[in-house]
Every structure is written in structure tokens, then in C-alpha cells.
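Novice: One structure, pasted below without further comment.
The values are calculated or read from the model by the stated rules, or taken from the named source; none is laboratory data. All of these numbers come straight from a predicted model, not from anything done at the bench. Ideal geometry is used to build each Cβ from the backbone, glycine not excepted, and the neighbour counts take in all protein chains shown.
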Amino acid sequence: MTNFQSKIPEYIVEKSNIVRLIIFTALFALLFINFYAPFGVRYWFNVSQVQLLLYSSLIILTGVLVVVISRVLMYMASKRFPVNYWHYAVWVLSEVFFMALFYAMFEKLIFHDERVFAHLLKVSIQNTALVLLLPYSAMWLYFSWQEKNRQLEQLSNGETIIDSSKNMIPFHDEKGILRLSMKQENFLYIEASDNYANIFYINKGKISRFLLRNTLKRMESLFKNTEIVRCHRSYMVNFEKVKVIRKDKEGLQLELDLPSVIDIPVSRSYVDKVMVTFSKYCTTG
């Protein structure tokens, strides 16, 4: 059962998938309006079928601009804070409402439809829900299937899969053998030590260290698109635990939410990545 407080899968807000969603929705809407003929489009124009196809397509594509603007805003928002399932549900319902409002106003103001506006809006919402929810559902299933295939390919290549929607973090050695696993809330940071990595975490209220034979470079690729970010040639940090970014004469330092933990340095080459990640946890107003 889906927890509406948890984050939506990362692939939903990937730029390439958003582009594909918009294109598929636009194509579906074009077919829908010309074959199903909702919104009373057959009565909008006293023209031939070909001209009707041209004009109605122009109208539906104008309405799809609502989706384009909405998805661009969603992509930008996902870079600043986690998008949960309930956020996404409200977002989609808002898209349905505003697109329906556009079509209802179009019928009333441009074509002077004599029906009551509330009725026009109700019918428009019903039709717009079909125009958006059907392609949205189909693309969600497709993206999910695509992600499963990607994970199967990773497994076949002997790679480790990190699922950020889960709360457990696995740590494998260089041979791919699982050596340590913990809840993300207990993980603090990783410090490189030649061909080994020191993993620092909270165990029974105390800070513990686990020596793992693996390199930071290999581990960085495994934790891609998660809150575990490399900030220095010798350090990776769990940004869920970062409390303060401080700049002093030695450069940027990350203060974690435990007073007994050392400050984690940020090297110049990782400053941009660190600031982008940290901005996701910043709230305004």
C-alpha cells in the first residue's frame, strides 16, 4: 500500500521522462478531441472535417500548455524539496482543474456557448480528466516498467541497486558482498582511507565505525540521486544529517546534527553539487 507521505519515484521527475510525458499527453489529447469530440467541438466551427482537425488541434495544444508550465514548475520544485505522493496527487488535480477552466472559458467567451458556465466547467473537468489521467497512468506504468528493466540489467551486471524510497542502506565491498546495512537515519558519513572506506553511523546512541574494503569513487556511483552526496575527495555525507553549512578561512564546512561528530570539509570541485543538494532542504517564508 502506497504511503502518501513518501517520495514519488525519481524517474517521475526526471527531465527526459517529463518531456516524454508532455509529448505523449499532447498526442493523446489530439486523438481524443478529434475522435471522441468532447467539449462540443463539432459545433465550434462550421467548417470541413479537415479544417475542424486543424482548428481543434490548435485549441487542444494551447490547453496542453497548462501541462507544460506545470511540469516545468514540478521539475524545478523537485530540485528544492522532496515531492511526495500527496503533493503529486494535488498537483495533477490542479492540472485537470486549470486545463478544464481554460476550455470552459474558451467555450463561453469565444464561442458564446449559451449553457450555464458551471455546467460547462463540470463537463470540461470530466473530459479533461480523461485527457490527462489516461496518458498519465499509461506513462507511469511505462516508466515503472523501464526502471524495473534498468534494475534487472544492473543486477545482471553485478551492480548494487540503491532504492532511495526504502529506509535501509546496504554497503557492499569491492566484490559485491553485503557487509553492512543500516537505516538511513543512523548513517552519518563515509571517510576514504586508501582502498578502504570508514563508515560512521549511530549505533545504540553512540558513534560507531565500520571499515569496508571499497573505494569512494565506486560508492559515489551507487549513491547517485540519493541524499548521500560526495563533498570532498575523502568524504561522502548523508545530507539528512547536515544541520549547517559554514564558511571559514579553511573553506566550506558541513556541521552535522550531532555535536560529537567532526565537521565535514567541502572541496571546491564539489561546492556546486553540495549547494544544489542543500537547497532542497531549505524552506522559504
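Novice: Looking at Val276 and the list (1) assigned to a strand (DSSP E or B); (2) within 22 Å of Ala77 (Cα to Cα), which single condition is not satisfied?
Specialist: Tallying (1) assigned to a strand (DSSP E or B); (2) within 22 Å of Ala77 (Cα to Cα), Val276 fails exactly one: (1).
Novice: Scan the range 171-197 for residues that are under 19 Å from Val266 (Cα atoms) and surrounded by 15 or more Cβ atoms within 10 Å (Cβ to Cβ) and jot them down.
Specialist: If the condition is that a residue be under 19 Å from Val266 (Cα atoms) and surrounded by 15 or more Cβ atoms within 10 Å (Cβ to Cβ), then Phe187, Leu188, Tyr189, Ile190, Glu191, Ala192, Ala197 are the ones that fit.
Novice: Out of Lys243, Lys249, Lys217, which single residue is modelled with pLDDT of 85 or more, surrounded by fewer than 16 Cβ atoms within 10 Å (Cβ to Cβ) and either over 24 Å from Asp194 (Cα atoms) or of a type in the set (Ser, Thr, Tyr) (or both)? Lay out the reasoning, then the answer.
Specialist: Details: Lys249 fails: modelled with pLDDT of 85 or more; Lys217 fails: either over 24 Å from Asp194 (Cα atoms) or of a type in the set (Ser, Thr, Tyr) (or both).
Checking each option against the conditions leaves just Lys243.
Novice: Scan Arg246, Arg230 and give me the residue that is among the charged types (D, E, K, R), without any contact (Cβ under 8 Å) to a residue 40 or more places away in the chain, assigned by TED's automatic domain parsing to the domain that holds Phe200 and assigned to a strand (DSSP E or B).
Specialist: Arg246
Novice: Among the residues of the range 16-60 satisfying the criterion of being aliphatic (A, V, I, L, M) and at pLDDT 80 or above, which is surrounded by the most Cβ atoms within 10 Å (Cβ to Cβ)?
Specialist: So the residue we want is Ala29.
Novice: Is it true that Ser181 is assigned to a strand (DSSP E or B) and in contact with a Pro (Cβ under 7 Å, 6 or more places away or on another chain)?
Specialist: On the way: assigned to a strand (DSSP E or B): yes; in contact with a Pro (Cβ under 7 Å, 6 or more places away or on another chain): yes.
In short, yes.
Novice: Considering every residue within the range 61-72, establish whether at least one is at pLDDT 80 or above, of a type in the set (A, V, I, L, M, F, W, C) and more than 30 Å from Pro9 (Cβ to Cβ).
Specialist: Scanning the range 61-72, I find no residue that is at pLDDT 80 or above, of a type in the set (A, V, I, L, M, F, W, C) and more than 30 Å from Pro9 (Cβ to Cβ), so the answer is no.
Novice: Is it the case that Ser221 is without any contact (Cβ under 8 Å) to a residue 60 or more places away in the chain and either in a helix (DSSP H, G or I) or in contact with a Ser or Thr (Cβ under 8 Å, 6 or more places away or on another chain) (or both)?
Specialist: Details: without any contact (Cβ under 8 Å) to a residue 60 or more places away in the chain: yes; either in a helix (DSSP H, G or I) or in contact with a Ser or Thr (Cβ under 8 Å, 6 or more places away or on another chain) (or both): yes.
Spelling it out, Ser221 is indeed without any contact (Cβ under 8 Å) to a residue 60 or more places away in the chain and either in a helix (DSSP H, G or I) or in contact with a Ser or Thr (Cβ under 8 Å, 6 or more places away or on another chain) (or both).
Novice: Which one is nearest to the chain's Cα centre (by Cα), of the residues in the range 197-218 that are farther than 21 Å from Val242 by Cβ and in a strand (DSSP E or B)? I'd like the intermediate steps shown before the answer.
Specialist: Within the range 197-218, the first condition is being farther than 21 Å from Val242 by Cβ, and the residues that meet it are 204, 211-215, 217-218.
Now narrow it down to the ones that are in a strand (DSSP E or B): 211-212.
Numbers: Leu211: 33, Leu212: 31 Å.
Selected residue: Leu212.
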